[in-house]
Amino acid sequence: MTISLVTGGNRGIGLEVCRQLAAHGHEVLLGARSAEAAERAAAAAGATPVQLDVTSAADVERLAAQVGRLDVLVNNAAHTYDTWQRASNADLGVVRDTAETNLYGPWRLTQALLPALRRSRHPRIVNVSSEAASLTNMGGGTPAYTASKVALNALTRMLAAELRADGVLVNAVCPGWVATDMGGPGGRPVAEGATGVVWAATLPDDGPTGGFFRDGRPLPW
């Protein structure tokens, strides 16, 4: 049985990723900050609820002590799409708070779960990013969100290089503009956005690592 953990799994893209991985036959651990939210969502997705605030060292340490083996880690939890800010006058408190969830959360969790991932025969790490983090086409706006996702992309590259010898495939995936609470109305269906994340979570052993993708196709860094 393939064991997968999805953070921020109680709604939006995370919930749909849980559903799709469960449909692939995975045992899915659905992480959410609230135990009640995790339980409700897990019941709908065919998953196991896990109370997990990725900014909480205690939550992360508790989970790491409970997980013997992990095959797939999907770092999906994120917040603060700060459309009201510009880099030239951004509230740096908001920037720091955003980084706690969008960067340090995945970093902390990955470090804690590496022993469990190394026990897997086919370990995968998927960092849910955004094309907003592409330096190639970057403009202004959403500075807290964008900077945190740029840093997450950098972490993806470093981890992919460091863990290549262990067979851990590490990739960043942009789900596209998706109609979720964060993305707002008008985006693509959630199921379409989640499919690219699931693609990266289920790559074969000779699949890519250290890449940035949407819908299975490379994006410019």
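Any read-out appearing in this document is the output of simple, stated calculations on the displayed coordinates, not a laboratory observation. Quick caveat, the model's predicted, so the values are computed rather than measured. Please note: Cβ atoms are built from the backbone with ideal geometry, for glycine as well, and neighbour counts cover all protein chains shown.
Observations on the structure shown:
- Across region 128-144, computed HN-Hα scalar couplings (Karplus, 6.51 cos²θ - 1.76 cosθ + 1.60, θ = phi - 60°) run 7, 10, 7, 5, 4, 8, 6, 5, 4, 10, 6, x, x, x, 6, x, 5 Hz from first to last residue, x flagging Gly and Pro.
- Helix 57-66 and the longest principal axis of the Cα set of the chain meet at an angle near 20°.
- Net charge over other residues, Cβ less than 10 angstrom from the Cβ of Gly141 (K, R count +1; D, E count -1): 0
- In region 77-116, chymotrypsin sites (Phe, Trp or Tyr not before Pro) in a DSSP loop with at most 15 other beta-carbon atoms within 10 Å: Trp84
- Environment charge at Gly93 (Cβ cut-off 15 Å; Lys +1, Arg +1, Asp -1, Glu -1): -3
- Over all Cα atoms in the chain, the spread is summed up by Rg and Dmax: 16.0, 49 Å.
- Extension gain (nm, one decimal) between Ala87 and Met1, 0.36 nm per residue minus Cα-Cα: 26.4 nm
- Sites listed here are trypsin sites (Lys or Arg not before Pro) in region 44-120 whose DSSP assignment is loop and whose Cβ has at most 16 other Cβ atoms within 10 Å: Arg69, Arg86, Arg119.
- The HN-Hα couplings worked out from phi for region 98-114 by the Karplus form 6.51 cos²θ - 1.76 cosθ + 1.60 (θ = phi - 60°) are 5, 4, 4, 8, 7, 10, 5, x, x, 5, 4, 5, 4, 4, 5, 9, 4 Hz, whole numbers, x standing for Gly and Pro.
- Calculated from backbone phi, Karplus (6.51, -1.76, 1.60) coupling profile of region 214-221 in Hz, x at Gly/Pro: 9, 6, x, 10, x, 10, x, 6
- Formal net charge of residues neighbouring Ile125 (Cβ-Cβ distance under 13 Å; K, R +1; D, E -1): +1
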